[in-house]
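The values are calculated or read from the model by the stated rules, or taken from the named source; none is laboratory data. These numbers were taken from a predicted model, which means no experiment stands behind them. All Cβ positions, glycine included, derive from the backbone under ideal geometry; neighbour counts span all protein chains shown.
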Amino acid sequence: MLARLRIPLLLGLVGALLVAVGYWNIRPQSFMPGGARTTATQPEVDFFALGSHTVQFKADGSKDYVLTAARIDHIKANDVTLVDQPELFLHRSAGEPWHVRSATAEVAPGGNQVELIDRVLIQRTDPKGRPIVISTSRMTVFPDKQYAQTRQPVRIEAANGVTTATGMNADLDQGRIRLLSNVRGQHELR
């Protein structure tokens, strides 16, 4: 009786081994719609720069802005520029420039709109030399108009206190900031 079971048992063991090897070799992508051909592709970069430093001048010859970045990648398909660790100095018509920085940024085609992403800080000093620091998670800056806006929570630290809000519109040239909602402030009188 043992001899009669040896061949089917051996064939069953070989079959189980083939099934196990076949299962181990299957890629999960082959079960997805479109089969194994579906792979995430990186956008095509037509040029990049490391340690970039750009100076833009106004028509009268004065500085408009200075932009430095650790890396800049230009995406060919949509003409968007991806910027790592951007640092922008927006020169105003009067007073100290605004110092703008973030973890990353996306510059729209033509360069007239910059989306700052993650750890956004905008700062300058007031006429008395005291710092003003605006922080948020995301902000859109229009360098040509010297204008910035966000719908995200904002924190403004100034010499006389701290103000928080949800959303902000800022005329950076004039130094005017409009907070949109949920405004809270803690201020010290001197």
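Working carefully through the options Gln29, Gln85, Gln56, find the one that is modelled with pLDDT under 90, polar (S, T, N, Q) and in the same structural domain as Ile134 (by TED's automatic domain parsing).
Values: Gln29 fails: in the same structural domain as Ile134 (by TED's automatic domain parsing); Gln85 fails: modelled with pLDDT under 90.
Step by step, each of Gln29, Gln85, Gln56 is checked, and only Gln56 is modelled with pLDDT under 90, polar (S, T, N, Q) and in the same structural domain as Ile134 (by TED's automatic domain parsing).
Return yes or no: is Leu116 assigned to a strand (DSSP E or B) and either touching a helix residue (DSSP H, G or I) at 6+ places or on another chain (Cβ under 8 Å) or modelled with pLDDT of 90 or more (or both)? Break it down stepwise before answering.
Details: assigned to a strand (DSSP E or B): yes; either touching a helix residue (DSSP H, G or I) at 6+ places or on another chain (Cβ under 8 Å) or modelled with pLDDT of 90 or more (or both): yes.
Answer is yes for this residue.
Of the residues Ala170, Ala159, only one is under 21 Å from the mean Cα position of the chain (by Cα), more than 25 Å from His53 (Cα to Cα) and either modelled with pLDDT under 90 or surrounded by 14 or more Cβ atoms within 10 Å (Cβ to Cβ) (or both); which? So that I can check it myself, show each step before the final result.
Values: Ala159 fails: under 21 Å from the mean Cα position of the chain (by Cα).
Answer to the check: Ala170.
Here is a list of conditions, (1) surrounded by 14 or more Cβ atoms within 10 Å (Cβ to Cβ); (2) within 21 Å of Val45 (Cβ to Cβ); (3) in contact with a strand residue (DSSP E or B) (Cβ under 7 Å, 6 or more places away or on another chain), and Arg124 meets all of them except one; can you say which number that is?
With (1) surrounded by 14 or more Cβ atoms within 10 Å (Cβ to Cβ); (2) within 21 Å of Val45 (Cβ to Cβ); (3) in contact with a strand residue (DSSP E or B) (Cβ under 7 Å, 6 or more places away or on another chain) applied to Arg124, the lone miss is (2).
How many of the residues in the range 47-62 are within 27 Å of Asn78 (Cα to Cα) and surrounded by fewer than 11 Cβ atoms within 10 Å (Cβ to Cβ)?
4
Any residue at all in the range 141-153 that's under 14 Å from Glu115 (Cα atoms), part of a strand (DSSP E or B), touching a Phe, Trp or Tyr at 6+ places or on another chain (Cβ under 9 Å) and not hydrophobic (A, V, I, L, M, F, W, C)?
The answer is yes; a qualifying residue exists.
From the list Gly110, Gly61, Gly12, Gly51, pick out the single residue that is at pLDDT below 80 and not hydrophobic (A, V, I, L, M, F, W, C). Talk me through it step by step, then tell me what you get.
Numbers: Gly110 fails: at pLDDT below 80; Gly61 fails: at pLDDT below 80; Gly51 fails: at pLDDT below 80.
From the options Gly110, Gly61, Gly12, Gly51, the qualifying one is Gly12.
Output the qualifying pairs, or none if there are none: Cβ atoms under 8 angstrom, residues six or more apart or on different chains, first residue in the range 68-92 and at positive phi and free of Cβ contacts under 8 Å to residues at least 40 places away in the same chain, second residue polar (S, T, N, Q) and assigned to a strand (DSSP E or B).
Gln85/Thr104
Return a yes/no flag: does the range 126-143 have any residue that is more than 17 Å from Thr68 (Cα to Cα) and in contact (Cβ under 8 Å) with a residue 40 or more places away in the chain.
yes
Six or more apart or on different chains, Cβ atoms under 9 Å: show the pairs whose first residue is in the range 100-115 and on the phi > 0 side of the Ramachandran plot and whose second is surrounded by 14 or more Cβ atoms within 10 Å (Cβ to Cβ).
That search, which allows pairs on different chains as well, returns Gly111/Gln56; Gly111/Thr81; Gly111/Pro143.
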